[in-house]
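Structure, as structure tokens:
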Amino acid sequence: MKKVITYGTFDLIHMGHINILRRAKERGDYLIVAVSSDEFNRIKHKEAYYSYEDRKMILEAIKYVDEVIPEHDWGQKVKDVQKYDIDVFVMGDDWEGEFDFLKEYCEVVYLSRTEGVSTTKTKQELSSKHG
Ligand code: C2G
């Protein structure tokens, strides 16, 4: 079984997230998503609308996702790749090159981001529309 992993906050799930999850799953048979904890989001200077528990539940309901684990810090990726016996690490290409150190442990794939959609954009448009 070919196992794939990807990481992210995945707040206010949108087509960009679905596109990366679908393509990540296409790279193997089993997709693990490491979703950023609320504490790690603070380290990433991100304020998620939904809590970790809610973002985890939403991801678990997506058909491409087989398992959801927490992402607590930047340094857990090598351990995760070894612990979960990962074959392919996938991220959007806004992270191009950032995780190449994982190449000695697994395949590293950066996939194109979906243009024109982001959680930040959604929040901004909603707040300007509805005040
Ligand atoms: N993404 C995308 N297209 C978008 C928006 C996001 O392909 N329009 C991808 C990102 O490239 C990333 C994934 O969706 O691979 C999750 O995006 P975020 O939730 O913004 O995750 P991020 O804050 O980049 O966290 O350790 C890695 C970090 O946790 C990544």
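Counting only protein heavy atoms, what percent of the accessible surface of the chain is carbon or sulfur at a 1.4 Å probe?
Roughly 50 percent of what the probe reaches on the chain is carbon or sulfur.
As an exercise, identify the GluC sites (Glu not before Pro) in the range 97-131 lying in DSSP coil whose Cβ has no more than 10 other Cβ atoms within 10 Å.
Of the GluC sites (Glu not before Pro), the ones in loops of the range 97-131 whose Cβ has at most 10 other Cβ atoms within 10 Å are E115.
I need the GluC sites (Glu not before Pro) found in the range 1-95, filtered to DSSP loop residues with at most 15 other beta carbons within 10 Å of theirs.
Listed in order of number, the matching sites are E47.
Report, largest value first, the span of the C-alpha coordinates of the range 29-83 along each principal axis, in whole Å.
33, 26, 12
What do you get for Rg/Rh over the range 55-131 if you use C-alpha atoms and the Kirkwood form of Rh?
1.05
Using Cα-Cα distances under 8 Å and only pairs 6 or more residues apart, what relative contact order does the range 1-124 have, in percent? Spell out each step's value before the answer.
Working: 196 pairs, mean separation 39.1, N = 124.
Normalised by residue count, the contact order of the range 1-124 is 32 percent.
Please give the per residue accessible area of the chain, computed with a probe of 1.4 Å over protein heavy atoms only, in Å².
57 Å²
Of H14, H130, H45, H72, which has the most accessible area with a 1.4 Å probe, and how do the rest follow in descending order? Mind dumping the intermediate values first?
Working: H14 25, H130 140, H45 170, H72 105 Å².
Greatest to least solvent exposure: H45, H130, H72, H14.
Take the Cα atoms of the chain, find their three principal axes, and give me the spread along each one in whole Å, biggest first.
Cα spread of the chain along its principal axes, largest to smallest: 49, 28, 27 Å.
Could you calculate the FRET efficiency of I43 with M1 from 1/(1 + (r/R0)^6), where r is the beta carbon distance between them and R0 is 25 Å, rounded to 0.05? Write out the running numbers ahead of the final one.
Working: r = 32 Å, r/R0 = 1.29.
About 0.20, to the nearest 0.05.
Starting from the 7 Å offset along Cα-to-Cβ, what nm value, one decimal, do you get for the label separation of D100 and T122?
The modelled label-to-label distance comes out at 3.3 nm.
Tell me what the chain gives for mean residue ellipticity at 222 nm when only DSSP H runs of n ≥ 4 count, each as -39,500 (n - 2.57), the sum divided by the residue total, rounded to 500 deg cm²/dmol.
-10000 deg cm²/dmol
Pairs K3/K56; K56/K123; K2/K121; K46/K129: which exceed 26 Å Cα-Cα?
Checking Cα-Cα distances, K2/K121 exceed 26 Å.
Relative to the longest principal axis of the C-alpha atoms of the chain, give the angle of the C-alpha long axis of helix 15-26, reported between 0 and 90° and rounded to the nearest 10°.
The angle comes out near 10 degrees.
The values are calculated or read from the model by the stated rules, or taken from the named source; none is laboratory data. All values reported here derive from a predicted model rather than from experimental measurement. Backbone-built Cβ (ideal geometry, glycine too); neighbour counts: all protein chains shown. Just the protein is used for accessible areas: all its heavy atoms, side chains included, with ligands, DNA and RNA removed. Shrake-Rupley method; radii C 1.70, N 1.55, O 1.52, S 1.80 Å.
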